[in-house]
Amino acid sequence: MKKGRFLLLISFFLLNTFVYGQDYTFRVLATKGSNELKSGDSWQAVKTGASLKAGDELKITENASVGLVHASGKPLEVKQPGTYKVSDLASKVSGGSSVLNKYTDFILSSNSAEAKKNRLSATGAVHRGLEDIKVFLPENQNAEIFNNIAYVNWEAKGGAPYVVIFKNMFDEELVKVETSETSVRVDLNDPKFANETAILVEVKSKADGKSKSEQHLIKKLSQGRQDSIKKSFNELNNELGSEATELNKLIQAAFYEQNKLFIDAIAAYEEVILMAPDNASYKDAYEEFLYRNKLKNPK
């Protein structure tokens, strides 16, 4: 009986530590437009990473939005113009878990001013020399892919058009794509890739035959790792819900990055930007992802 009471007291203590130990109700993951936050008597511009407390108010302007994450880890997007009490917004949030907190905390810490400062001091802000064509794909040890969609992006000294060549491990050509853009989307469900577990990618300038990228690898996961990642991904999606929102995609990108699935993270960021092309917060988060993982050289 005493043991039961002791466990009950411990559970009550931990619950109160979580509920009352938080010094905020929401944090801002993304913001678009001239939104404002009232904390105390004054209104101020909403910034990514800002904390919202229960007594604060949030003002959303026309054609604007704010992506919030609750202290429990649950995301909430506010898109309708108007003034909202933070306590009322909190009442709309249910659930949340340490699973979500892990990834939302990672997003906030990775994109904070301190994280950017540390990255710049570690890598230097000086632009390093580019290859003729620099492809934004990871080194071979991090070339695994969980899903079937990959985006191959690059920057080049030479001009368009470009030719993107996909080969098997015997250096035999599988697919060739010509484009005037600096990005292609490839579906590994294509029958031409069906029997390949690893694919080599190279980008060349059609205008300048000498201008080309290094060869990069895209590698399908082994069945064991595929099953393990799928289990964890399903646990995350059960918390997020079935709705395909920008915030959900952003959190999925964090999941992929944490699991060293950089090609999947790139695809998630690309999809976020397609969903919200005029939201600079997502573009900034994408750039920071590329920089901190050394997939793109900072300028």
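FYI, it's all coordinate maths here, none of it is from the lab. Nothing here was measured: the structure is a model prediction, and the numbers come from that model. Cβ atoms come from the backbone with ideal geometry, glycine included; neighbour counts cover every protein chain shown.
With only alpha-carbon pairs counted, each pair once and no self-pairs, how large is the Kirkwood hydrodynamic radius of the chain in angstroms?
21.5
For region 219-299, chymotrypsin sites (Phe, Trp or Tyr not before Pro) meeting the loop criterion (DSSP other than H, G, I, E, B) and having at most 14 other Cβ atoms within 10 Å: none. Multiplying the residue separation of Asn140 and Ser228 by 0.36 nm and removing their Cα-Cα distance gives an extension gain of 29.6 nm. Note on the chain: GNM, Cα springs under 10 Å; of Lys231, Lys283, Lys260, the largest mean-square fluctuation is that of Lys231.
Note on Ala198 and Asp284: the extension gain reaches 27.9 nm, defined as 0.36 nm multiplied by sequence separation minus the Cα-Cα distance. Ranking Val203, Asn189, Gly82 by how far each Cα lies toward the positive end of the dipole of the chain (charges on Cβ) leaves Gly82 at the top. Here the 3J(HN,Hα) profile of region 158-166, calculated from phi with Karplus coefficients 6.51, -1.76 and 1.60 at θ = phi - 60°, is x, x, 6, x, 10, 10, 9, 10, 10 Hz, Gly and Pro shown as x.
Does region 22-120 come out rounded, prolate or oblate, given a ≥ b ≥ c as the square roots of the eigenvalues of its C-alpha gyration tensor, rounded meaning a/c under 1.5 and, failing that, prolate meaning a/b above b/c? Cα axes put region 22-120 in the oblate bin. Selection among Asn279, Asn293, Leu240 by position relative to the dipole of region 235-294 gives Asn293 as farthest towards the positive end (Cβ unit charges, Cα centre). Distance between the modelled labels on Lys157 and Ala207, one decimal in nanometres: 1.5 nm (7 Å Cα→Cβ projection). The GluC sites (Glu not before Pro) of region 111-217 meeting both criteria, a DSSP state outside H, G, I, E and B (loop) and at most 14 other C-beta atoms within 10 angstrom of the site's C-beta, are Glu139, Glu172, Glu181, Glu214. Placing unit charges on the Cβ atoms only, positive for Lys and Arg and negative for Asp and Glu, gives region 152-191 a dipole magnitude near 140 debye about its Cα centre. Cross-link partners for Lys85 among the aspartates and glutamates, with Cα-Cα distance under 13 Å and sequence neighbours closer than 8 places in the same chain left out: Glu36, Asp56, Glu57.
Between the helical axis of 2-21 and the longest alpha-carbon principal axis of the chain there is an angle of about 70 degrees. 3J(HN,Hα) along region 221-226: 5, 5, 4, x, 6, 4 Hz, from the Karplus curve 6.51 cos²θ - 1.76 cosθ + 1.60 with θ = phi - 60°, whole Hz, x for Gly and Pro. Return one quarter of the surface area of the convex hull spanned by the alpha-carbon atoms of region 133-220, equal to its mean projected area, in nm². Convex hull of Cα atoms, orientation-averaged projection: 5.2 nm². In plain terms, the residue of Leu250, Leu174, Leu58, Leu200 with the fewest other Cβ atoms within 10 Å comes first and the most crowded comes last, giving Leu174, Leu200, Leu58, Leu250.
Amide H contacts of Lys206: Tyr162, Val163, each under 5 Å away and 5 or more positions distant or on a separate chain (H built 1.01 Å from N in the peptide plane; Pro and chain starts excluded).
Between Lys212, Lys157, Lys204, the Gaussian network model of the chain with springs among Cα atoms under 10 angstrom shows the greatest mean-square fluctuation at Lys157. Overall dimensions of region 164-299, expressed as equivalent-ellipsoid semi-axes from the Cα gyration tensor (√(5λ), whole Å, largest first), are 27, 21, 13. Once the Cα-Cα distance is subtracted from the 0.36 nm per residue extended length, the Glu131 to Glu181 segment shows a gain of 16.2 nm. With a threshold of 22 Å on the Cα-Cα distance, the over-threshold entries among Lys231/Lys283; Lys219/Lys260; Lys117/Lys283; Lys79/Lys117; Lys134/Lys249; Lys47/Lys249 are Lys231/Lys283; Lys79/Lys117; Lys134/Lys249.
What you get for the chain, charging only the Cβ of Lys and Arg (+1) and of Asp and Glu (-1), is a dipole of about 900 debye around the Cα centre. Here region 133-220 is assigned +1 on the Cβ of each Lys and Arg and -1 on the Cβ of each Asp and Glu. Its dipole about the Cα centre then comes out at about 180 debye.
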